[in-house]
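Peer 1: Before I ask anything, let me first share the structure, which is written out below as C-alpha coordinates.
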Amino acid sequence: MTTQSSARSATPTVARQPDGLGKRVGEVAEITVLFDVKPGGAERFHQNAAKIQDDAFQFEKVVATVHDFRVTFINNDTQVIGAVTYDGDFKPYMADIFANAAPWFDEMFEGVVEGWPGATSPNMVEWLATKIVEADMWYASNPTMTVEDTTKAQKVTQAFNALLDTASG
(Lines give C-alpha, C1' and ligand atoms only; values in the text may rest on other atoms or scores of the structure.)
Protein backbone atom coordinates (compact mmCIF):
# COMPACT_ATOMS: atom_id res chain seq x y z
CA MET A 1 0.00 0.00 0.00
CA THR A 2 1.28 3.44 -0.87
CA THR A 3 0.45 6.61 0.93
CA GLN A 4 0.25 10.04 -0.56
CA SER A 5 1.25 13.17 1.20
CA SER A 6 -1.49 15.74 1.51
CA ALA A 7 1.09 18.42 0.88
CA ARG A 8 2.08 17.91 -2.77
CA SER A 9 5.07 19.67 -4.18
CA ALA A 10 4.51 22.03 -7.06
CA THR A 11 4.67 20.50 -10.51
CA PRO A 12 7.85 21.61 -12.27
CA THR A 13 7.32 23.89 -15.23
CA VAL A 14 8.51 22.68 -18.62
CA ALA A 15 9.38 25.60 -20.88
CA ARG A 16 11.44 26.39 -23.93
CA GLN A 17 15.18 26.87 -23.38
CA PRO A 18 15.82 30.57 -22.63
CA ASP A 19 18.81 30.72 -24.99
CA GLY A 20 17.92 28.33 -27.78
CA LEU A 21 15.83 25.42 -28.94
CA GLY A 22 14.42 22.52 -26.98
CA LYS A 23 12.63 22.14 -23.67
CA ARG A 24 13.93 22.67 -20.17
CA VAL A 25 12.72 21.84 -16.67
CA GLY A 26 14.84 22.70 -13.65
CA GLU A 27 18.47 21.90 -14.42
CA VAL A 28 17.68 19.47 -17.24
CA ALA A 29 17.04 20.14 -20.93
CA GLU A 30 16.39 18.20 -24.12
CA ILE A 31 16.75 18.48 -27.84
CA THR A 32 15.65 16.19 -30.62
CA VAL A 33 17.06 16.37 -34.14
CA LEU A 34 15.72 14.82 -37.32
CA PHE A 35 18.19 14.26 -40.15
CA ASP A 36 17.75 12.95 -43.67
CA VAL A 37 19.99 9.95 -44.32
CA LYS A 38 22.28 9.59 -47.34
CA PRO A 39 21.80 6.48 -49.48
CA GLY A 40 23.77 3.74 -47.73
CA GLY A 41 24.18 5.92 -44.63
CA ALA A 42 22.23 3.66 -42.30
CA GLU A 43 24.35 0.68 -43.33
CA ARG A 44 27.51 2.72 -42.71
CA PHE A 45 26.25 3.70 -39.25
CA HIS A 46 25.27 0.12 -38.38
CA GLN A 47 28.67 -1.19 -39.49
CA ASN A 48 30.31 1.23 -37.03
CA ALA A 49 27.67 1.00 -34.29
CA ALA A 50 29.74 -1.10 -31.87
CA LYS A 51 32.65 1.38 -31.98
CA ILE A 52 30.29 4.36 -31.77
CA GLN A 53 28.66 2.78 -28.70
CA ASP A 54 32.04 2.07 -27.06
CA ASP A 55 33.22 5.61 -27.79
CA ALA A 56 30.07 7.05 -26.20
CA PHE A 57 31.40 6.33 -22.73
CA GLN A 58 34.71 8.11 -23.44
CA PHE A 59 33.19 11.22 -25.02
CA GLU A 60 30.19 11.57 -22.74
CA LYS A 61 32.49 11.30 -19.71
CA VAL A 62 34.45 14.29 -21.05
CA VAL A 63 31.27 16.27 -21.73
CA ALA A 64 29.88 15.17 -18.32
CA THR A 65 26.45 16.79 -18.68
CA VAL A 66 24.58 14.12 -20.68
CA HIS A 67 21.86 12.11 -18.95
CA ASP A 68 21.03 10.09 -22.05
CA PHE A 69 21.56 10.20 -25.80
CA ARG A 70 20.06 7.97 -28.44
CA VAL A 71 20.15 7.62 -32.22
CA THR A 72 17.32 5.84 -34.05
CA PHE A 73 16.82 5.25 -37.77
CA ILE A 74 13.21 5.53 -38.98
CA ASN A 75 11.13 5.51 -42.16
CA ASN A 76 12.99 2.64 -43.84
CA ASP A 77 16.37 4.14 -42.88
CA THR A 78 15.70 7.39 -44.76
CA GLN A 79 15.75 9.52 -41.59
CA VAL A 80 17.53 9.38 -38.26
CA ILE A 81 16.48 10.84 -34.92
CA GLY A 82 18.99 11.99 -32.34
CA ALA A 83 17.61 12.77 -28.89
CA VAL A 84 19.55 13.97 -25.86
CA THR A 85 18.77 14.97 -22.29
CA TYR A 86 21.47 17.16 -20.75
CA ASP A 87 22.23 19.67 -18.01
CA GLY A 88 22.11 23.40 -18.50
CA ASP A 89 21.51 25.93 -21.22
CA PHE A 90 21.45 25.30 -24.97
CA LYS A 91 24.35 27.52 -26.13
CA PRO A 92 26.94 26.36 -23.55
CA TYR A 93 25.93 22.74 -24.20
CA MET A 94 26.40 23.17 -27.96
CA ALA A 95 29.82 24.77 -27.44
CA ASP A 96 30.82 21.99 -25.02
CA ILE A 97 29.80 19.00 -27.13
CA PHE A 98 31.44 20.26 -30.30
CA ALA A 99 34.60 21.33 -28.45
CA ASN A 100 34.91 18.00 -26.62
CA ALA A 101 33.20 15.36 -28.76
CA ALA A 102 33.52 16.57 -32.37
CA PRO A 103 35.41 13.43 -33.52
CA TRP A 104 32.64 11.23 -32.11
CA PHE A 105 29.88 13.17 -33.87
CA ASP A 106 31.80 12.98 -37.16
CA GLU A 107 32.32 9.25 -36.57
CA MET A 108 28.55 8.87 -36.22
CA PHE A 109 27.25 11.17 -38.93
CA GLU A 110 29.90 11.77 -41.62
CA GLY A 111 28.78 9.85 -44.70
CA VAL A 112 25.47 9.10 -42.95
CA VAL A 113 23.56 12.40 -42.73
CA GLU A 114 22.70 14.53 -45.76
CA GLY A 115 24.53 17.85 -45.64
CA TRP A 116 26.55 17.04 -42.49
CA PRO A 117 28.94 20.02 -42.33
CA GLY A 118 31.40 18.41 -39.93
CA ALA A 119 31.32 18.87 -36.18
CA THR A 120 34.10 21.48 -36.24
CA SER A 121 32.37 23.62 -38.87
CA PRO A 122 31.95 27.23 -37.68
CA ASN A 123 28.31 27.02 -38.86
CA MET A 124 27.56 23.72 -37.12
CA VAL A 125 25.16 25.06 -34.48
CA GLU A 126 23.24 27.14 -37.03
CA TRP A 127 22.96 24.13 -39.35
CA LEU A 128 21.91 21.88 -36.47
CA ALA A 129 19.24 24.37 -35.38
CA THR A 130 17.46 23.80 -38.71
CA LYS A 131 17.22 20.09 -37.84
CA ILE A 132 15.91 20.44 -34.29
CA VAL A 133 12.28 19.51 -33.78
CA GLU A 134 10.62 20.85 -30.68
CA ALA A 135 9.16 18.22 -28.37
CA ASP A 136 5.41 18.48 -27.93
CA MET A 137 5.68 16.73 -24.56
CA TRP A 138 8.73 15.94 -22.49
CA TYR A 139 9.15 14.52 -19.00
CA ALA A 140 12.25 14.46 -16.82
CA SER A 141 12.05 12.28 -13.71
CA ASN A 142 14.61 14.24 -11.70
CA PRO A 143 14.71 17.78 -13.08
CA THR A 144 16.79 19.17 -10.22
CA MET A 145 19.48 16.46 -10.43
CA THR A 146 22.44 17.22 -12.68
CA VAL A 147 24.70 14.46 -13.94
CA GLU A 148 27.22 15.53 -11.28
CA ASP A 149 24.52 15.29 -8.57
CA THR A 150 23.52 11.83 -9.79
CA THR A 151 27.14 10.64 -9.78
CA LYS A 152 27.62 11.92 -6.22
CA ALA A 153 24.40 10.25 -5.08
CA GLN A 154 25.55 6.94 -6.57
CA LYS A 155 28.88 7.18 -4.72
CA VAL A 156 27.14 7.98 -1.43
CA THR A 157 24.75 5.04 -1.92
CA GLN A 158 27.65 2.69 -2.68
CA ALA A 159 29.59 3.88 0.36
CA PHE A 160 26.54 3.56 2.59
CA ASN A 161 25.81 0.04 1.33
CA ALA A 162 29.46 -0.95 1.91
CA LEU A 163 29.23 0.43 5.46
CA LEU A 164 26.03 -1.56 6.10
CA ASP A 165 27.63 -4.71 4.67
CA THR A 166 30.66 -4.25 6.92
CA ALA A 167 28.52 -3.58 9.99
CA SER A 168 26.32 -6.62 9.38
CA GLY A 169 29.01 -9.01 8.37
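The values are calculated or read from the model by the stated rules, or taken from the named source; none is laboratory data. These figures come from a predicted structure and were not determined experimentally. Note: ideal-geometry Cβ built from the backbone for every residue, glycine included; neighbour counts use all protein chains shown. Quick note on the areas: whole protein, heavy atoms, side chains included, nothing else; ligands and nucleic acids left out. Shrake-Rupley method; radii C 1.70, N 1.55, O 1.52, S 1.80 Å.
Peer 1: Roughly how tilted is helix 41-63, in degrees to the nearest 10 and between 0 and 90, from the longest Cα axis of the chain?
Peer 2: Around 40 degrees separate the two axes.
Peer 1: Please give the helix 147-168 orientation as an angle from the longest Cα principal axis of the chain, in degrees from 0 to 90, rounded to the nearest 10.
Peer 2: Between helix and principal axis, roughly 40 degrees.
Peer 1: Using alpha-carbon pairs under 8 Å, 6+ residues apart, how would you state the relative contact order of the chain in percent?
Peer 2: Relative contact order for the chain comes out at 30 percent.
Peer 1: Turning to a different aspect of this structure: Which one of Thr166, Ile81, Gly115 is farthest out on the positive end of the charge dipole of the chain, using unit charges on Cβ (Lys, Arg +1; Asp, Glu -1) and the Cα centre as origin?
Peer 2: Of Thr166, Ile81, Gly115, it is Thr166.
Peer 1: Hey, another quick one. Translational diffusion coefficient, Stokes-Einstein: compute it for region 43-101 using the Kirkwood radius over C-alpha pairs as Rh, at 37 °C and 0.692 mPa s, and state it as an integer in µm² s⁻¹.
Peer 2: 259 µm²/s
Peer 1: Run the accessible area of the chain with a 1.4 Å probe and give the carbon-and-sulfur part as a rounded percent.
Peer 2: 54 percent
Peer 1: Then there's this: With a probe of 1.4 Å, find how much accessible area the chain has per residue, and write the answer as a whole number in Å².
Peer 2: 62 Å²
Peer 1: Once both labels are modelled 7 Å past Cα along the beta-carbon direction, what's the Val125-Asp19 spacing in nm?
Peer 2: 0.8 nm
Peer 1: Here's something else I'd like to know. Distance check, please: which entries in Lys38/Lys131; Lys91/Lys155; Lys23/Lys51; Lys61/Lys152; Lys131/Lys152 exceed 26 angstrom between their Cα atoms?
Peer 2: Listed pairs above 26 Å: Lys91/Lys155; Lys23/Lys51; Lys131/Lys152.
Peer 1: Another question about this same structure. For region 83-169, what is the convex hull volume of its Cα atoms per residue in Å³?
Peer 2: Considering the Cα atoms of region 83-169, their hull volume per residue is 155 Å³.
Peer 1: Explain nothing, just the number: dipole magnitude of region 9-116 about its Cα centre with +1 on each Lys and Arg Cβ and -1 on each Asp and Glu Cβ, in debye rounded to the nearest 20.
Peer 2: 240 debye
Peer 1: Still on this structure: How big is the gap, in Å, between the Cα center of region 24-54 and the Cα center of region 71-128?
Peer 2: If you average the Cα positions of each part, the centres end up 7 Å apart.
Peer 1: How big is D for the chain, in µm² s⁻¹ as a whole number, if Stokes-Einstein is applied with the Kirkwood radius of its Cα pairs at 25 °C and 0.890 mPa s?
Peer 2: So the translational diffusion coefficient is about 136 µm²/s.
Peer 1: Now, a different point. Region 104-169: which trypsin sites (Lys or Arg not before Pro) are DSSP loop and have at most 13 other beta-carbon atoms within 10 angstrom?
Peer 2: Sparse-neighbourhood loop trypsin sites (Lys or Arg not before Pro): none present.
Peer 1: Something else: Pairs of Cα atoms under 8 Å, at least six residues apart: use those to get the relative contact order of region 23-108, whole percent.
Peer 2: 40 percent
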